[in-house]
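Student: First the structure, which I've put down as C-alpha cells, then a few questions once you've had a look.
The values are calculated or read from the model by the stated rules, or taken from the named source; none is laboratory data. These numbers were taken from a predicted model, which means no experiment stands behind them. Quick reminder, even Gly has a Cβ in these numbers, built from the backbone with ideal geometry, and neighbours come from all protein chains shown.
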Amino acid sequence: MSSDYENGRKQFAAMVGEDAIDDLLVRFREVYPDFETEVVSVVGGRVWTRGGIDLKTRSLCSICTLAALGRTNALRLNFRMALQNGATIEEICESLFQVAAYAGFPAMWDALEILREVVNIGKGGMTSDM
C-alpha cells in the first residue's frame, strides 16, 4: 500500500513534470522540512488524488481561491499545474473573472500579471482568442 507522501509526490510529479518535481520538493523542504512532508502528503496525496471532480476543475478551483487570497507563490505553481491538467488560457481567464466578481478586479489583475509571467506573454497581453 502506498503512503500519502508517495501518492502526493507522484501526483505533483504528474502536474509539474518529472523534470521539475525535485526542485519543487527542495523549495518546500528548504522553507521547513515538515512543510514539505505535509504539503506533499495532505495536499498532493489526499486532496489532489480525490475523486468527484477532474484535475482541470480542481486546478481552476485552486486558482480562483489562491487569486482571491492573493497567494502569489502558490498561484504561480497552480497556473503551471492547471495548464498541465488541461486548462486553457481562456478557461483560466474566465475563471479569474469569477474572482473579479467576488474578490475584486484588483485580485484578477494581480493574478493575470502572474499568469502572463508564467506563460511568458509579452506586454501586448492575452486575448480571448488564445
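Student: If THR49 passes every condition in (1) of a type in the set (S, T, N, Q); (2) within 22 Å of LEU96 (Cα to Cα); (3) without any contact (Cβ under 8 Å) to a residue 60 or more places away in the chain but one, which one does it miss?
Tutor: Against the list (1) of a type in the set (S, T, N, Q); (2) within 22 Å of LEU96 (Cα to Cα); (3) without any contact (Cβ under 8 Å) to a residue 60 or more places away in the chain, THR49 comes up short only on (2).
Student: Would you check if there is a residue in the range 29-36 being under 16 Å from ASN73 (Cα atoms) and part of a loop (DSSP other than H, G, I, E, B)?
Tutor: yes
Student: State all residues of the range 74-105 that are crowded, with 18+ Cβ neighbours inside 10 Å and not in a helix (DSSP H, G or I); if no residue qualifies, say none.
Tutor: Scanning the range 74-105 gives ASN85, ALA87.
Student: May I ask you to say which residue of VAL40, VAL26 is under 16 Å from ALA74 (Cα atoms), surrounded by fewer than 17 Cβ atoms within 10 Å (Cβ to Cβ) and not hydroxyl-bearing (Ser, Thr, Tyr)?
Tutor: Values: VAL40 fails: surrounded by fewer than 17 Cβ atoms within 10 Å (Cβ to Cβ).
Sole residue among the options that is under 16 Å from ALA74 (Cα atoms), surrounded by fewer than 17 Cβ atoms within 10 Å (Cβ to Cβ) and not hydroxyl-bearing (Ser, Thr, Tyr): VAL26.
Student: Test ILE63 against the criterion of being assigned by TED's automatic domain parsing to the domain that holds PRO106, in a helix (DSSP H, G or I) and under 27 Å from ASP110 (Cα atoms), and give yes or no.
Tutor: Working: assigned by TED's automatic domain parsing to the domain that holds PRO106: yes; in a helix (DSSP H, G or I): yes; under 27 Å from ASP110 (Cα atoms): yes.
Here the answer is yes, as ILE63 does meet what is asked.
Student: If we scan the range 40-54, do we find a residue that is closer than 18 Å to PHE105 by Cα and at pLDDT 95 or above? Spell out how you get there, then give the answer.
Tutor: Going through the range 40-54, the residues closer than 18 Å to PHE105 by Cα turn out to be none.
No, because not a single residue in the range 40-54 is closer than 18 Å to PHE105 by Cα and at pLDDT 95 or above.
Student: Can you pull out the residues in the range 1-15 that are surrounded by fewer than 18 Cβ atoms within 10 Å (Cβ to Cβ) and within 15 Å of the chain's Cα centre (by Cα)?
Tutor: Within the range 1-15, ALA13, ALA14 meet the criteria.
Here is a yes/no grid of residues against (1) in contact (Cβ under 8 Å) with a residue 12 or more places away in the chain; (2) among the aromatic types (Phe, Trp, Tyr); (3) touching a Leu at 6+ places or on another chain (Cβ under 9 Å); (4) not assigned by TED's automatic domain parsing to the domain that holds ARG76:
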residue	(1), (2), (3), (4)
SER2	no, no, no, yes
GLU6	yes, no, no, yes
PHE12	yes, yes, yes, yes
GLY17	yes, no, no, yes
ASP22	no, no, no, yes
GLU30	no, no, no, yes
ASP34	no, no, no, yes
THR37	yes, no, no, yes
SER41	yes, no, no, yes
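Student: Moving to a separate point now. Looking only at residues that are in contact with a helix residue (DSSP H, G or I) (Cβ under 7 Å, 6 or more places away or on another chain) and surrounded by fewer than 18 Cβ atoms within 10 Å (Cβ to Cβ) in the range 57-73, which one is farthest from VAL16 (Cα to Cα)?
Tutor: We begin by selecting, within the range 57-73, every residue in contact with a helix residue (DSSP H, G or I) (Cβ under 7 Å, 6 or more places away or on another chain); these are 59-60, 62-64, 66-68, 70, 72.
Pick out the ones that are also surrounded by fewer than 18 Cβ atoms within 10 Å (Cβ to Cβ) and you get 70, 72.
Values: GLY70: 21, THR72: 17 Å.
Filtering the range 57-73 for residues that are in contact with a helix residue (DSSP H, G or I) (Cβ under 7 Å, 6 or more places away or on another chain) and surrounded by fewer than 18 Cβ atoms within 10 Å (Cβ to Cβ), the one farthest from VAL16 (Cα to Cα) comes out as GLY70.
Student: Being touching a residue at least 24 places away in the same chain (Cβ under 8 Å) and either aromatic (Phe, Trp, Tyr) or over 28 Å from ASN7 (Cα atoms) (or both): is that true of ALA87 here? Before you say what the answer is, go through the steps one by one.
Tutor: Working: touching a residue at least 24 places away in the same chain (Cβ under 8 Å): yes; either aromatic (Phe, Trp, Tyr) or over 28 Å from ASN7 (Cα atoms) (or both): no.
No: the conditions fail for ALA87.
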